[in-house]
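The values are calculated or read from the model by the stated rules, or taken from the named source; none is laboratory data. If you're wondering where the values come from, they're calculated on a predicted model, not measured in any experiment. FYI the Cβ positions are ideal-geometry reconstructions off the backbone, even for glycines, and counts take in every protein chain you see.
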Ligand code: NAP
């Protein structure tokens, strides 16, 4: 059972022990990262935390895909449209979370550009609103406990040095300079949290926020290749893919650090546990695998893992050194935004070992192509 006496020393005073479990609320629990975190918290902390997952259009998620070697389990999520300010206020007041992990976002740069207004509302305005709700509320059983907002941001807040001349690897305090609308909105979300949490006016004391920047992510439970940009290149190797001689150009220019959502979820769990032990725990942290690779390099790795011959890959795809050649209409992207995670491990008091890329990518692609052809 969670020891509350560890976590509730605030302003030098011990507070009353609570018998109720802290509530952890996850927005975007139907999404790639939210699913992994929701599953992990339910699996490992159901005795400690009351875990609530929120979805929007997907309210039923398959938590234990056979891919993980266990029986599959369907989990229901609660529905909330974060664009509805009043509904969000009412939801938070009803559930009184101790920690909100805000994973919901429009995160596809190209989809973002095609619906900018709504995307900004979700990525920035809903973040600001959740920050205000956290700052202005308290835990029902622990009146001096200020709910914590953990906001998931992106390495795309950095420009790779193209304009800023600030080059990777980036520290949390490195100068941000996002170069596409998605990156700007995520950075505006960060700024909204800093503004709200540092504002101690109207007799409301400062709030607590944690910003977690992550690089390109992939789920190990995806059944749609489109869901993860680190898997979507595999579409060229689907049996249905055209073999008319036109090779698909795949970006071989930008260096990514693809990170499994399972690993990010594990680090988020460490952060959640730590937040109850250290009530000063706040700020900006980086969480990223150290294994760098281009998208074309990923396709080559994935095909090796799946025993697809090099000749077949070469027949269907080729690497593109020019990012515009791979996708002429794509939003601009930086070449490398590697994140330095030292501050994260220092704050948590331990270094997290990320799964080797081959290992986690092996799990993520297991069952190809059937799993992805059958995916619903
Ligand atoms: P995702 O798979 O695209 O999931 C997005 C989530 O947002 C879904 O659960 C979706 O719910 C929810 N959502 C969309 N509109 C909503 C609304 N109006 N109200 C409430 N919920 C809404 O995202 P992800 O890949 O898990 O990303 C998680 C976080 O990491 C995001 O903040 C993202 O910016 C950040 N990030 C992701 C990557 C990456 O490579 N994926 C890289 C860097 C940073 P429904 O599906 O139920 O509609």
- [ ] Please state which one of 170, 187 is in contact with a strand residue (DSSP E or B) (Cβ under 7 Å, 6 or more places away or on another chain) and modelled with pLDDT of 95 or more.
- [x] 170
Open item on the list: Considering only the range 339-348, I want to know if a residue exists there that is in contact (Cβ under 8 Å) with a residue 60 or more places away in the chain, out of contact with any helix residue (DSSP H, G or I) (no Cβ under 8 Å at 6 or more places or on another chain), buried (at least 17 other Cβ atoms within 10 Å of the Cβ) and in a strand (DSSP E or B).
Closed with: no
Task: Selected residue (criterion: surrounded by the most Cβ atoms within 10 Å (Cβ to Cβ)) from residues of the range 213-223 that are farther than 16 Å from residue 362 by Cα and in contact with a helix residue (DSSP H, G or I) (Cβ under 7 Å, 6 or more places away or on another chain) - done: 213
Open item on the list: Taking the condition of being within 12 Å of the ligand (Cβ to nearest atom), surrounded by fewer than 16 Cβ atoms within 10 Å (Cβ to Cβ) and under 23 Å from residue 268 (Cβ atoms), how many residues in the range 92-138 meet it?
Closed with: 1
TODO: Identify the residue in the range 273-287 that is under 19 Å from the mean Cα position of the chain (by Cα), touching a residue at least 24 places away in the same chain (Cβ under 8 Å) and in a helix (DSSP H, G or I) and, among all such residues, is surrounded by the most Cβ atoms within 10 Å (Cβ to Cβ).
DONE: 275
- [ ] Return only the number of the condition from (1) in contact (Cβ under 8 Å) with a residue 40 or more places away in the chain; (2) more than 30 Å from residue 225 (Cβ to Cβ); (3) within 20 Å of the chain's Cα centre (by Cα) that residue 176 does not satisfy.
- [x] (1)
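Sort through 193, 179, 150 and tell me the only one that's in a helix (DSSP H, G or I), within 16 Å of the ligand (Cβ to nearest atom) and either within 19 Å of residue 25 (Cα to Cα) or at pLDDT below 95 (or both).
On the way: 179 fails: in a helix (DSSP H, G or I); 150 fails: in a helix (DSSP H, G or I).
The match here is 193.
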Open item on the list: Can you list residue pairs whose Cβ atoms sit under 7 Å apart, with the first residue in the range 121-143 being farther than 13 Å from residue 89 by Cα and the second being within 11 Å of the ligand (Cβ to nearest atom) and assigned to a helix (DSSP H, G or I)? Count only pairs 6 or more apart in sequence or on different chains.
Closed with: 123/185; 123/186; 123/189; 124/185; 124/189
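Among the listed residues 38, 63, identify the single one that is surrounded by 14 or more Cβ atoms within 10 Å (Cβ to Cβ), at pLDDT below 90 and either within 16 Å of the ligand (Cβ to nearest atom) or more than 19 Å from residue 147 (Cα to Cα) (or both).
Values: 38 fails: at pLDDT below 90.
Every option except 63 fails the conditions.
Are any residues in the range 153-168 more than 18 Å from the chain's Cα centre (by Cα) and within 16 Å of the ligand (Cβ to nearest atom), and if so, which ones? Let's see the steps before the verdict.
Taking the range 153-168 and keeping what is more than 18 Å from the chain's Cα centre (by Cα), we get 159-168.
The answer is 159, 160, 168.
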Open item on the list: Can you find, within the range 22-32, the residue that is nearest to the chain's Cα centre (by Cα) among those that are within 16 Å of the ligand (Cβ to nearest atom) and surrounded by fewer than 24 Cβ atoms within 10 Å (Cβ to Cβ)?
Closed with: 32
TODO: For residues that are in a helix (DSSP H, G or I) and crowded, with 18+ Cβ neighbours inside 10 Å, tally how many sit in the range 306-322.
DONE: 2
Open item on the list: Checking the condition assigned to a loop (DSSP other than H, G, I, E, B) and touching a residue at least 24 places away in the same chain (Cβ under 8 Å), which residue from 333, 371 passes?
Closed with: 333
